[in-house]
Amino acid sequence: MVGIRLMIIMALVGGIIAYIADKMGTKIGKKKMTIFGLRPKHTSILLTVLSGMLIALVSITVVTISSESARTALFGMDKIQKELKALNAEKEQASMALTVARGNVAEKNAKIAALDEQIKASLEAKERMESELAGVNEKYNAAQAEVESLSQAKQQLTNDISKLEKITESLHKGIINLREGKVFYRAGEVVYATVLKGGMGSAKNKEQIGWMLENANHAALQRLGDLMPEKPIQVIWISKEYLDDTLNVLNKNNKDYLCRLRTIANIMVGELVLCELEMVENKLIYPKGAEVFSANYDATTMKMTPDQAIMEFLTNVNHASVAAGVMPDPVSGKVGKVDAETIVQATNQMKACTGRYKVTAYARGDITTAGPVWVGIQIKQEKPVERSYDES
């Protein structure tokens, strides 16, 4: 826009000056005016030249006034050329510096690439070392675990040795007691047995357990007889773990349980009665009147005497009761309870039988796991005579 405006202004100014010069030339030509003694023709030429010069000068002046770029081009060209020369020199220096910098960058890039390779190699070496370290740590942990296991085994062996030493000492004392002392209880013998009821609440259950221990201690003291001390003492010992387990079972279950305190070794007079606690649910095994065991006999072919037969029959009653769930005495293995009168009368009945007959043992009351198996004996002859004995 600035260039077009300058061109318009210069055209207008040139036109005005040419018009004025033309008018002056016409007047000078008509009047035949002369300047500096020149002929009119030459004067007209001179004015035309001067007007052209004036047009050029005015045009330059107008351009100079109107445009800073034109002023700079007219009056600052030398300065611009010097500056351009200086800039070209600086450009050459910058180009040289850029070439050097590019060379340096290439060199640095090569060094960086080499460093990258070293870093990569270092990382790979680090990964290998970490992997090896992990393997070493695993071996170390395994070794630590093995050491700990060996330490525990050593401690266990030490404890076992200590226990064995105590057992050896106890056995030594036991041998001396066996030679010189009196056996108070045999190993596994029942010191005391009772039935405890579950589901009565923790406080009541603790009272039951305390009552059981008190009665067991009293039973042990009574067994001493003449050797019993003047003042009652605690002769029963049982691990607290047994008592805690018993209390836990009673608290969680609304059932009856047979609890038996049994000795864990032969106990000599003067030693504590070391016991374990045996606990089983006290279930109903035989209701009153139920058949416990029966057997058929033939008097014509039987090789045993009636006395032998009745004893064998009672032994089978004992085995059948134990198999059904009645807890036997751990020492004798017996569960039965038959009075002598019942045995005598049953034997006499068997002696009186001829031919084939059946002997049946039946429960004279409800029989539970705790026992005892209290039975009556019934004998029935098939023919011709039927005799029975029922003690109820």
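A few comments on the model shown:
- For Gly198, the residues whose modelled amide H falls within less than 5 Å of its own, excluding neighbours fewer than 5 places apart on the same chain, are Lys255, Asp256, Tyr257.
- Semi-axes of the equivalent ellipsoid for the range 228-328, computed as √(5λ) from the eigenvalues of its C-alpha gyration tensor and ordered from largest down, come to 40, 22, 10 Å.
- Of Lys206/Lys283; Lys197/Lys337; Lys204/Lys288; Lys91/Lys111; Lys255/Lys358, pairs whose Cα-Cα distance is over 26 Å: Lys204/Lys288; Lys91/Lys111; Lys255/Lys358
- Each of the peptides 327-339, 88-100 was scored by the mean count of other Cβ atoms within 10 Å over its residues; in descending order, highest first, they stand as 327-339, 88-100.
- Per-residue 3J(HN,Hα) values for the range 94-103, derived from phi via the Karplus relation 6.51 cos²θ - 1.76 cosθ + 1.60 with θ = phi - 60°, read 5, 4, 4, 5, 5, 4, 4, 5, 5, x Hz in sequence order (x marks Gly and Pro).
- Whichever aspartates and glutamates have a C-alpha closer than 13 Å to that of Lys334, once near sequence neighbours (fewer than 8 apart) are set aside: Glu189
- Listed peptides 52-62, 127-137 by packing density, highest first (mean Cβ within 10 Å): 52-62, 127-137
- Calculated accessible area for the range 286-334 comes out at 56 Å² per residue, all protein chains present (probe 1.4 Å; ligands, DNA, RNA ignored).
- Solvent-accessible surface of the range 82-131, averaged per residue with a 1.4 angstrom probe and all protein chains in place: 90 square angstrom.
- With every protein chain in place, the range 257-382: carbon and sulfur % of accessible area (1.4 Å): 52 percent
- Dipole magnitude (debye, nearest 20) for the range 260-344, charges at Cβ of Lys, Arg, Asp, Glu: 140 debye
The values are calculated or read from the model by the stated rules, or taken from the named source; none is laboratory data. Given the structure is predicted, the values throughout are model-derived calculations rather than measurements. Note that we place each Cβ from the backbone using ideal geometry, even for glycine, and neighbour counts take in every protein chain shown. Surface accessibility is based on the protein's heavy atoms, side chains included, excluding ligands, DNA and RNA. Shrake-Rupley method; radii C 1.70, N 1.55, O 1.52, S 1.80 Å.
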